[in-house]
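Notes to accompany the following structure.
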Amino acid sequence: MNKKLNIIIFGDSIVSCSQLIKNKRWSYILKKKFEKKVNNISTKFKICSFNGATTKEAVNKIKFVLDTRKIDILILMFGINDSVYWMSGLGKPRVDIKDFKKNIIKLIKKAKKKCDPKIIFLTSHKFLQNRLEGNGKTHNHNYQNYRKEIFKISKSHKFEVIDIYKELNQHSPKNYCLALPDGLHLSNFGSLKYSEIISKFIINGIIKKK
């Protein structure tokens, strides 16, 4: 008997990839790839992304994201914007790491209460930009504390993590990020690599186990 998986990807501008044409965005590449059945399992993708979103905003929006039919897999990607130290922020991040942790836990609990999907959290890649932020350190440095927190939370709240940062470590940020002055968002190559990493995880870790 054929089966169907409903998948939602919920995240920030790295999910949107609005700087790229539609057919080069990793979420769209995934959608097209999974339109073909694997092991008699078909998928339906829904993309919910908001440029500049933090976990605080994600908590406020997740009710509407989950307001759909049964969700089998929920892919989350947040943290880049939380960990930014704006020059006008008086040495504080957009979202303090303690609040970041609380927000992630709220997202997980709300999702499990609503439809109990398999939850996968994506870490981000290493950025090309290397300018100093409002705390005198780079965004790459600041993001690492948030990345580590994701792994800690995953152990206590039972969700999967795809460590994009580690998966792309063999490549240079010059290859997978847009050129400076952006240096943060994905290039066509970076978007393609995201789609390959995530599709491999879904196929081998979920679909082939069905």
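The values are calculated or read from the model by the stated rules, or taken from the named source; none is laboratory data. What you see is a predicted model; the values in this text were computed from it and never measured. Don't worry about glycine lacking a Cβ; one is built from the backbone with ideal geometry, like all the others, and counts go over all protein chains shown. Side chains included, ligands, DNA and RNA excluded: accessible areas come from the protein's heavy atoms. Shrake-Rupley method; radii C 1.70, N 1.55, O 1.52, S 1.80 Å.
Pull up the range 109-146, narrow it to residues that are of a type in the set (Lys, Arg) and under 22 Å from SER199 (Cβ atoms), then point me to the one that is modelled with the highest pLDDT.
Filtering the range 109-146 for residues of a type in the set (Lys, Arg) gives 109-110, 112-114, 118, 126, 131, 137.
Add one more test, that the residue is under 22 Å from SER199 (Cβ atoms), and what stays is 118, 126.
On the way: LYS118: 94, LYS126: 97.
Within the range 109-146, the match that is modelled with the highest pLDDT is LYS126.
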Tell me, which residue of the range 9-27 that is part of a helix (DSSP H, G or I) and in contact (Cβ under 8 Å) with a residue 12 or more places away in the chain is surrounded by the fewest Cβ atoms within 10 Å (Cβ to Cβ)? LYS24
Given the criterion in contact (Cβ under 8 Å) with a residue 12 or more places away in the chain, open to solvent by 30 Å² or more (accessible area, probe 1.4 Å), touching a Ser or Thr at 6+ places or on another chain (Cβ under 9 Å) and of a type in the set (Ser, Thr, Tyr), identify the matching residue among TYR143, TYR165. TYR165
Just to be sure before I move on: is LEU122 open to solvent by less than 70 Å² (accessible area, probe 1.4 Å), in contact (Cβ under 8 Å) with a residue 24 or more places away in the chain and closer than 19 Å to PHE50 by Cβ in the structure I sent? yes
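Can you say whether ARG94 is open to solvent by 70 Å² or more (accessible area, probe 1.4 Å), modelled with pLDDT of 95 or more and assigned to a loop (DSSP other than H, G, I, E, B), as far as the supplied structure shows? Reasoning before the result, please.
Working: open to solvent by 70 Å² or more (accessible area, probe 1.4 Å): yes; modelled with pLDDT of 95 or more: yes; assigned to a loop (DSSP other than H, G, I, E, B): yes.
It is true that ARG94 is open to solvent by 70 Å² or more (accessible area, probe 1.4 Å), modelled with pLDDT of 95 or more and assigned to a loop (DSSP other than H, G, I, E, B).
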Boolean, LYS31 is charged (D, E, K, R), over 18 Å from ASN204 (Cα atoms), open to solvent by 40 Å² or more (accessible area, probe 1.4 Å) and in a helix (DSSP H, G or I): no
Specify the residue that is surrounded by the fewest Cβ atoms within 10 Å (Cβ to Cβ); the eligible residues are those in the range 67-89 that are within 20 Å of ASP116 (Cα to Cα) and touching a Pro at 6+ places or on another chain (Cβ under 9 Å). LYS70
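Just to be sure I understand, how many residues within the range 102-119 are part of a helix (DSSP H, G or I) and surrounded by 17 or more Cβ atoms within 10 Å (Cβ to Cβ)?
Filtering the range 102-119 down to residues part of a helix (DSSP H, G or I) leaves 102-114.
After this cut, where a residue has to be surrounded by 17 or more Cβ atoms within 10 Å (Cβ to Cβ) as well, the list is 103-104, 107-108, 111, 114.
The number of residues fulfilling the criteria is 6.
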Do we find a residue being aliphatic (A, V, I, L, M), touching a residue at least 12 places away in the same chain (Cβ under 8 Å) and touching a Ser or Thr at 6+ places or on another chain (Cβ under 6 Å) anywhere in the range 48-68? no
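Right, GLU160: touching a His at 6+ places or on another chain (Cβ under 8 Å) and either open to solvent by 10 Å² or more (accessible area, probe 1.4 Å) or of a type in the set (S, T, N, Q) (or both) or not? Don't jump to the end; show me each part of the working.
Details: touching a His at 6+ places or on another chain (Cβ under 8 Å): no; either open to solvent by 10 Å² or more (accessible area, probe 1.4 Å) or of a type in the set (S, T, N, Q) (or both): yes.
When the stated conditions are applied, GLU160 does not pass them.
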